[in-house]
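**Student:** Attaching a single structure in structure tokens format; questions to follow.
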Ligand code: ACO
């Protein structure tokens, strides 16, 4: 019988340091009122100067592994979604493979910005259901504070650091990855990007002076695309799964802005109480956003047998995607 991929355990790590809106008032010309009313954010976490994407990813992974009942030695593959790797190369996944002591595991990074975790669920599902691997560790980890200009009020209030991980297996109780749907449009890549640091613009004194190594974003445009693409990704995913909007028990959207989340929830006519949010306390943590929210949802709520969770995300590229998770039979 074909194996069905399922998340058997999750875990997250958030750095200790909290950066509040009040703190940001001391750094740029902004206000708690502006940030909260435009984004729903009150605070976000910031990694310490000697804490990196691999460190946060490892901590989240260790929690997920402990909860899963399998050890790092059992892992066949480690996948890391990040736009803030420790290095351009080697991969953050390889660094984590070494720290976790997972000698049997292949390891690679991939990048779909804020849609990274949803892309990762699709990759893991393909490997498991294709019979290639049995035990996969999917990690989303971001140190966005390393690419943010804390003098630019347009961006510095929005982002935070954090990591989350999932152990995905071919058997056992958990959340079936029932369906995924992915998309991309590189034609508007310029609306959200990190212009410097790649081969088009390697680091030079001039590139650093121009601030090309900081995230750059056309916020208003990104907002419009995000709402439209997340809605269509979610509808496509539901169609593929043969489900109706009314079958959704929990909606976990990308945690970029509460107004974007509310716009999507409104289009789905889903009860506000069924929309899970962490944006007020963590801000936008890119790839790890939906993953941290999923982990907290599983900690805080009872997910009944057959309940459907809809994850939907949007990010630079542009990329977008949705995934439907369903509580598996044991
Ligand atoms: N404090 C005070 N004023 C500010 C701030 C701030 N932090 N930031 C911008 N402003 C000002 C602007 O300068 C502008 O002033 P002006 O009219 O004098 O020029 C004014 O506020 C209004 O700016 P808008 O851009 O119109 O504000 P908007 O209501 O669109 O909100 C925001 C901006 C929050 C960025 C919103 O557009 C947004 O959330 N966009 C989507 C961002 C997003 O999701 N990004 C991540 C995608 S995922 C990924 O892959 C990383």
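**Student:** Check 191, 182, 144 and return the single one that is modelled with pLDDT of 95 or more and away from the ligand (no atom under 13 Å from the Cβ).
**Tutor:** Within the list 191, 182, 144, the selection yields 182.
**Student:** Residues of the range 130-155 being touching a strand residue (DSSP E or B) at 6+ places or on another chain (Cβ under 9 Å), in a helix (DSSP H, G or I) and surrounded by fewer than 24 Cβ atoms within 10 Å (Cβ to Cβ), which ones?
**Tutor:** Listed by number, the residues that qualify are 145, 146, 147, 154, 155.
**Student:** All but one of (1) touching a residue at least 60 places away in the same chain (Cβ under 8 Å); (2) more than 20 Å from residue 11 (Cα to Cα) hold for residue 253; which doesn't?
**Tutor:** Status for residue 253: all satisfied but (2).
**Student:** Of these, 260, 292, 252, 264, which one is in contact with a strand residue (DSSP E or B) (Cβ under 8 Å, 6 or more places away or on another chain) and not in a helix (DSSP H, G or I)? So that I can check it myself, show each step before the final result.
**Tutor:** Numbers: 260 fails: not in a helix (DSSP H, G or I); 292 fails: not in a helix (DSSP H, G or I); 264 fails: not in a helix (DSSP H, G or I).
On inspection, the qualifying residue turns out to be 252.
**Student:** Would you be able to say whether some residue in the range 96-112 is in contact (Cβ under 8 Å) with a residue 60 or more places away in the chain and either assigned by TED's automatic domain parsing to the domain that holds residue 314 or part of a helix (DSSP H, G or I) (or both)?
**Tutor:** no
**Student:** Mind counting the residues in the range 277-297 that are crowded, with 21+ Cβ neighbours inside 10 Å and over 14 Å from residue 254 (Cβ atoms)?
**Tutor:** Taking the range 277-297 and keeping what is crowded, with 21+ Cβ neighbours inside 10 Å, we get 278-279, 282-295.
So of that shortlist, the ones also over 14 Å from residue 254 (Cβ atoms) come out as 295.
Selection size over the range 277-297: 1.
**Student:** Would you confirm whether or not the range 218-233 contains a residue that is surrounded by fewer than 17 Cβ atoms within 10 Å (Cβ to Cβ), over 26 Å from residue 35 (Cα atoms) and not assigned by TED's automatic domain parsing to the domain that holds residue 37?
**Tutor:** Yes; the residues of the range 218-233 include at least one that is surrounded by fewer than 17 Cβ atoms within 10 Å (Cβ to Cβ), over 26 Å from residue 35 (Cα atoms) and not assigned by TED's automatic domain parsing to the domain that holds residue 37.
**Student:** State whether the residues of the range 299-307 include one that is touching a helix residue (DSSP H, G or I) at 6+ places or on another chain (Cβ under 9 Å), surrounded by fewer than 24 Cβ atoms within 10 Å (Cβ to Cβ) and part of a strand (DSSP E or B).
**Tutor:** For the range 299-307, residues touching a helix residue (DSSP H, G or I) at 6+ places or on another chain (Cβ under 9 Å), surrounded by fewer than 24 Cβ atoms within 10 Å (Cβ to Cβ) and part of a strand (DSSP E or B): absent.
**Student:** Just a yes or no: is a residue in the range 207-216 outside the structural domain of residue 151 (by TED's automatic domain parsing), within 14 Å of the ligand (Cβ to nearest atom), surrounded by 17 or more Cβ atoms within 10 Å (Cβ to Cβ) and part of a helix (DSSP H, G or I)?
**Tutor:** No; the residues of the range 207-216 include none that is outside the structural domain of residue 151 (by TED's automatic domain parsing), within 14 Å of the ligand (Cβ to nearest atom), surrounded by 17 or more Cβ atoms within 10 Å (Cβ to Cβ) and part of a helix (DSSP H, G or I).
**Student:** Can you find a residue that is assigned to a helix (DSSP H, G or I) and under 30 Å from residue 34 (Cβ atoms) anywhere in the range 234-246?
**Tutor:** Checked the range 234-246: at least one residue is assigned to a helix (DSSP H, G or I) and under 30 Å from residue 34 (Cβ atoms).
**Student:** Anything in the range 39-77 that is touching a helix residue (DSSP H, G or I) at 6+ places or on another chain (Cβ under 9 Å), in a loop (DSSP other than H, G, I, E, B) and within 14 Å of residue 105 (Cβ to Cβ)? List them, or say none.
**Tutor:** Scanning the range 39-77 gives 71, 75, 76.
**Student:** Looking at the range 20-35 only, could you name the residues that are more than 7 Å from the ligand (Cβ to nearest atom) and in contact (Cβ under 8 Å) with a residue 60 or more places away in the chain?
**Tutor:** In the first step, residues of the range 20-35 are kept if they are more than 7 Å from the ligand (Cβ to nearest atom); the result is 20-27, 32-33.
Within the range 20-35, 21, 24, 27 qualify.
**Student:** Only one of 49, 54 is closer than 27 Å to residue 194 by Cβ and surrounded by 15 or more Cβ atoms within 10 Å (Cβ to Cβ); which?
**Tutor:** Of the residues listed, the single one that is closer than 27 Å to residue 194 by Cβ and surrounded by 15 or more Cβ atoms within 10 Å (Cβ to Cβ) is 54.
**Student:** What is the number of the single condition among (1) away from the ligand (no atom under 16 Å from the Cβ); (2) under 18 Å from residue 233 (Cα atoms) that residue 120 does not meet?
**Tutor:** Looking at each condition in turn, residue 120 falls short on (1).
**Student:** Of the numbered conditions (1) out of contact with any helix residue (DSSP H, G or I) (no Cβ under 6 Å at 6 or more places or on another chain); (2) surrounded by fewer than 21 Cβ atoms within 10 Å (Cβ to Cβ); (3) within 29 Å of residue 198 (Cβ to Cβ), residue 28 fails exactly one; give the number of that condition.
**Tutor:** (1)
The values are calculated or read from the model by the stated rules, or taken from the named source; none is laboratory data. As the structure is a computational prediction, the values presented were derived from the model and not from experiment. Neighbour counts run over all protein chains shown; Cβ positions are idealised from the backbone, glycine included.
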